[in-house]
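*Asks:* Below is the structure I would like to discuss, written out as structure tokens.
The values are calculated or read from the model by the stated rules, or taken from the named source; none is laboratory data. Predicted, not measured: the structure shown is a model, and the values here were computed from it. Glycine gets a Cβ as well: all are built from the backbone with ideal geometry, and neighbour counts include every protein chain shown. The area values use the complete protein model at the heavy-atom level, side chains included, leaving out ligands, DNA and RNA. Shrake-Rupley method; radii C 1.70, N 1.55, O 1.52, S 1.80 Å.
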Amino acid sequence: MIEVRNLRKAFGPVRAVSDVSFRASNGRITGILGENGAGKTTTLALICGLLRPDEGWVRVGPDDSSPIERRRRLGALLDHKGLYDRLTARENIAYFGRLQGVLPCLLERRVEDVLARLDLARVADRRVAGFSQGERMKVALGRAIVHSPAHVLLDEPTNGLDIPSVHGLREVLRRMRDSGTCILFSTHVLDEVRALCDNVVIISRGRVVAQGDQADICRLAGCATLEEAFLALTHREVVCS
């Protein structure tokens, strides 16, 4: 479970996050939906400890006692551009497994499991320098989950991916959800929310304006579709059908 309450974060005169509160449950996929600049990425950075909130608090798990303990429980894919190009896919994932404290006696088995789950076995021993966007994303996801975290954060993970890669990622996330993982991801793509999300948190101008399942969001806005509801709740001009 990930719980955030009254998060606020400003960068000088710019208030990126004004008031964000929600809960993401275990065994569920929760989507943070918002337009570009709504505060989605900043919210995820606050949750995983890359930024310190000006106000509010974050709890990851029932007994979140310290930022270090929180990082052990989290797998975060906030950027898949930071791979080591001279290393193979296997070496990249193993390296981050060691950084996360995976015991040497478990590391090889964990890496092989991740490679299989992400359909990377055929390219496991190639340097990532020549990988496609989709392959790089999978390696980045692999390094985020090699330590078997109970909570996974993903920032717009389908950006730049082709249709087969998007389909493959969705299947991976569904399997992780079904095994009890708490998955929280940000997106501005409605199709991703429709296809994956058990719960939705809509953020606009740094504030949560709605949350619940997709039917709840539509009922709250008085609209028939999620797209219409999003536009209405974020104060765009729309006539609900």
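*Asks:* May I ask you to list the residues in the stretch 3-19 that are open to solvent by less than 70 Å² (accessible area, probe 1.4 Å), out of contact with any helix residue (DSSP H, G or I) (no Cβ under 6 Å at 6 or more places or on another chain), charged (D, E, K, R) and farther than 16 Å from Arg59 by Cβ?
*Replies:* Scanning the stretch 3-19 gives Arg8, Asp19.
*Asks:* Residues that are touching a Ser or Thr at 6+ places or on another chain (Cβ under 6 Å), at negative phi and of a type in the set (Lys, Arg): does the stretch 193-211 have at least one?
*Replies:* Yes, that holds for at least one residue.
*Asks:* Of everything in the stretch 22-49, what is among the aliphatic types (A, V, I, L, M) and either loosely packed, with under 14 Cβ neighbours inside 10 Å or in a strand (DSSP E or B) (or both)? Give them in sequence order.
*Replies:* Those that are among the aliphatic types (A, V, I, L, M) and either loosely packed, with under 14 Cβ neighbours inside 10 Å or in a strand (DSSP E or B) (or both): Ala24, Ile29, Ile32, Leu33.
*Asks:* Count, please, the residues in the stretch 86-105 that happen to be open to solvent by 50 Å² or more (accessible area, probe 1.4 Å) and not hydroxyl-bearing (Ser, Thr, Tyr).
*Replies:* 11
*Asks:* Confirm whether Ala144 is closer than 25 Å to Ser186 by Cα, surrounded by 14 or more Cβ atoms within 10 Å (Cβ to Cβ) and in contact with a strand residue (DSSP E or B) (Cβ under 7 Å, 6 or more places away or on another chain).
*Replies:* Yes.
*Asks:* Shifting gears a bit: Which one of these is touching a residue at least 12 places away in the same chain (Cβ under 8 Å), open to solvent by 20 Å² or more (accessible area, probe 1.4 Å) and polar (S, T, N, Q): Asn159, Asn199?
*Replies:* Asn199
*Asks:* Looking at this structure, is Ala10 farther than 22 Å from Gly142 by Cα, in a loop (DSSP other than H, G, I, E, B) and of a type in the set (A, V, I, L, M, F, W, C)?
*Replies:* Judged against the criteria, Ala10 is not a match.
*Asks:* Name the pairs: first residue in the stretch 31-59 and over 26 Å from Phe230 (Cα atoms) and among the aromatic types (Phe, Trp, Tyr), second residue at pLDDT 90 or above and open to solvent by 10 Å² or more (accessible area, probe 1.4 Å), Cβ to Cβ under 7 Å, at least 6 apart or on different chains?
*Replies:* Filtered contacts from the stretch 31-59: Trp57/Arg5.
*Asks:* Another question, if that's okay. Hey, any hits in the stretch 129-139 for a residue that's among the hydrophobic types (A, V, I, L, M, F, W, C), more than 27 Å from Gly27 (Cβ to Cβ) and open to solvent by 60 Å² or more (accessible area, probe 1.4 Å)?
*Replies:* Going residue by residue through the stretch 129-139, those that are among the hydrophobic types (A, V, I, L, M, F, W, C) are 129, 131, 137, 139.
Those still in the list that are more than 27 Å from Gly27 (Cβ to Cβ) too: 129, 131.
Now restrict to residues that are open to solvent by 60 Å² or more (accessible area, probe 1.4 Å): 129.
Looking through the stretch 129-139, at least one residue is among the hydrophobic types (A, V, I, L, M, F, W, C), more than 27 Å from Gly27 (Cβ to Cβ) and open to solvent by 60 Å² or more (accessible area, probe 1.4 Å).
*Asks:* Filter the stretch 180-196 for residues that are surrounded by fewer than 18 Cβ atoms within 10 Å (Cβ to Cβ) and touching a residue at least 12 places away in the same chain (Cβ under 8 Å) and give the result. Full working, then the answer.
*Replies:* Our first condition is that a residue be surrounded by fewer than 18 Cβ atoms within 10 Å (Cβ to Cβ); within the stretch 180-196, this holds for 180, 188-191, 194-195.
Across the stretch 180-196, the qualifying residues are Gly180, His188, Val189, Leu190, Arg194, Ala195.
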